[in-house]
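Structure record follows, encoded as structure tokens.
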Amino acid sequence: MDPKDSELFLQSLKAQTAPELVKTARLWEGELLQRYRVPFFLVRVGDIRAALNSTATALILYKEVRVRKAHYRFDYDILTGRRLKIKSSLTLSSTNSWRS
């Protein structure tokens with residue numbers, strides 16, 4: 001993740017008020033997800049969509065996580081750029097949370 005995006009992402013994690021949370025959701029879906037299609041953003045944006053009753057579009061993102069997981073055993077840490085090994089025993093349950 002480039003330094004500018006990293007700073008925006010870290011700032012977005014501090015959101016507490018409704019306007020800040022809306023800004024975070026827009027940042028994650030409108031910008032960061034487009035540049036970094038990694039499981040973290042796919043699941044979190046899917047969670048936001050599901051919370052806003054857009055389950056059909058949320059499921060698309062959850063399915064993408066499963067497809068990516070099945071095809072790639074490695075992913076990158078989005079903040080450091082380091083390559084991480086993803087355990088093959090991780091699955092996405094029907095409750096949309098990670099379990100091992």
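List the pairs whose first member sits in segment 42-71 and is farther than 19 Å from residue 26 by Cβ and without any contact (Cβ under 8 Å) to a residue 60 or more places away in the chain, whose second member is among the aliphatic types (A, V, I, L, M) and in a helix (DSSP H, G or I), and whose Cβ atoms are under 9 Å apart, counting only residues at least 6 apart or on separate chains?
59/50; 62/42; 62/43; 62/50; 64/42; 65/42; 65/43; 68/42
Here's the yes/no breakdown for (1) closer than 23 Å to residue 67 by Cβ; (2) part of a helix (DSSP H, G or I):
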| site | (1), (2) |
| --- | --- |
| 5 | no, yes |
| 9 | no, yes |
| 20 | no, yes |
| 28 | yes, yes |
| 37 | yes, no |
| 41 | yes, yes |
| 45 | yes, yes |
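Got a sec? Which of 92, 27, 42, 61 is surrounded by 13 or more Cβ atoms within 10 Å (Cβ to Cβ) and either at pLDDT below 55 or more than 25 Å from residue 8 (Cβ to Cβ) (or both)?
92
The values are calculated or read from the model by the stated rules, or taken from the named source; none is laboratory data. As the structure is a prediction and not an experimental result, all values here were calculated from the model. All Cβ positions, glycine included, derive from the backbone under ideal geometry; neighbour counts span all protein chains shown.
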